[in-house]
Amino acid sequence: MTEHKSTNITWHEGIDRAERYQSLHATGATIWFTGLSGSGKSTIASALESELVRGGVFAYRLDGDNIRYGLSKNLGFSKEDRTENIRRIGEVCRLFSDAGVIAVASFISPYKEDRDAVRALHKELGLQFFEVFVDTPVEECEKRDPKGLYAKARAGEIQGFTGINAPYEAPENAEMVIDTTKVSVQEAVTRCRAMLESSGSGRPRWGRRGYD
């Protein structure tokens, strides 16, 4: 657990979440895609975000590389920095979910303990959290190598690269498992959308001409 260094602070309560959801006609949740680099998680996450938003659902995608341009630009790829990165993202997802937004998170997040901590944060606050394991074999990920990272790792130019010279701890109880060698992007999006909707999230609560 991260040490709490701030002192002389008091939590300031705001509008009740149920009232917020009802007023905004929205229900927040976090859907967390985890898997190796090149597994297809960001492609699925991006397609899911597009489908949700175009369907009238509040959604926002948080991507591993994008986050490191801002929120986590002071972090590297050591185990400690990876843990802190996921902690920060978990807190951001929690805020989005509380606000009535579907947080679509796409991160390698290789350590089970880190992912479980994000899940526990949501559970503690009564927020919905769905873990999606994009279980694409490392051999396939390496064939794709969209960023050329596997080649650099094999050449010794990158140290601590997940799946080559750093571990990936696969989820044991993910809400959904997707192998992109067998499932298309659209099918994966459809499955994720159905999972969200079955929980009361991810579907618009208004008609095309305004609120129902």
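The values are calculated or read from the model by the stated rules, or taken from the named source; none is laboratory data. The structure presented is a predicted model; accordingly, all values stated were derived computationally and were not measured. For neighbour counting, all protein chains shown are included, and Cβ atoms are generated from backbone atoms with ideal geometry for every residue, glycine included. These accessible areas exclude ligands, DNA and RNA; they are computed on the full protein's heavy atoms, side chains included. Shrake-Rupley method; radii C 1.70, N 1.55, O 1.52, S 1.80 Å.
Counting only helices (runs of 4 or more DSSP H) that sit wholly inside the stretch 57-149, those with at least 1 residues that are touching a residue at least 60 places away in the same chain (Cβ under 8 Å) and open to solvent by 30 Å² or more (accessible area, probe 1.4 Å) are 79-98, 112-124, 138-144. Within the stretch 162-174, residues that are touching a residue at least 24 places away in the same chain (Cβ under 8 Å) reach no partner that is assigned to a loop (DSSP other than H, G, I, E, B) and of a type in the set (K, R) with beta carbons closer than 9 Å at six or more positions or on different chains. Of all the listed residues (E13, E3), the sole one being open to solvent by 70 Å² or more (accessible area, probe 1.4 Å), closer than 24 Å to F77 by Cα, at pLDDT below 90 and among the charged types (D, E, K, R) is E3.
Taken over the stretch 150-159, residues that are surrounded by 14 or more Cβ atoms within 10 Å (Cβ to Cβ) and not aromatic (F, W, Y) amount to 4. Of all residues in the stretch 40-61 being touching a strand residue (DSSP E or B) at 6+ places or on another chain (Cβ under 7 Å) and of a type in the set (K, R), which is nearest to A188 (Cα to Cα)? Looking at the filtered set, the residue picked out is K41. For the stretch 168-184, the criterion of being surrounded by fewer than 16 Cβ atoms within 10 Å (Cβ to Cβ), of a type in the set (D, E, K, R), closer than 26 Å to A103 by Cβ and modelled with pLDDT under 95 is satisfied by at least one residue.
Whether any residue in the stretch 191-205 is modelled with pLDDT of 95 or more, in a loop (DSSP other than H, G, I, E, B) and among the hydroxyl-bearing types (S, T, Y) is what I want to check. Checking the stretch 191-205: not a single residue is modelled with pLDDT of 95 or more, in a loop (DSSP other than H, G, I, E, B) and among the hydroxyl-bearing types (S, T, Y).
The residues on offer are F129, F161, and the sole one that is modelled with pLDDT under 95, over 14 Å from T43 (Cα atoms) and touching a helix residue (DSSP H, G or I) at 6+ places or on another chain (Cβ under 8 Å) is F161.
Count of the stretch 43-81 residues, restricted to those that are of a type outside the set (A, V, I, L, M) and under 19 Å from F129 (Cβ atoms), is 6.
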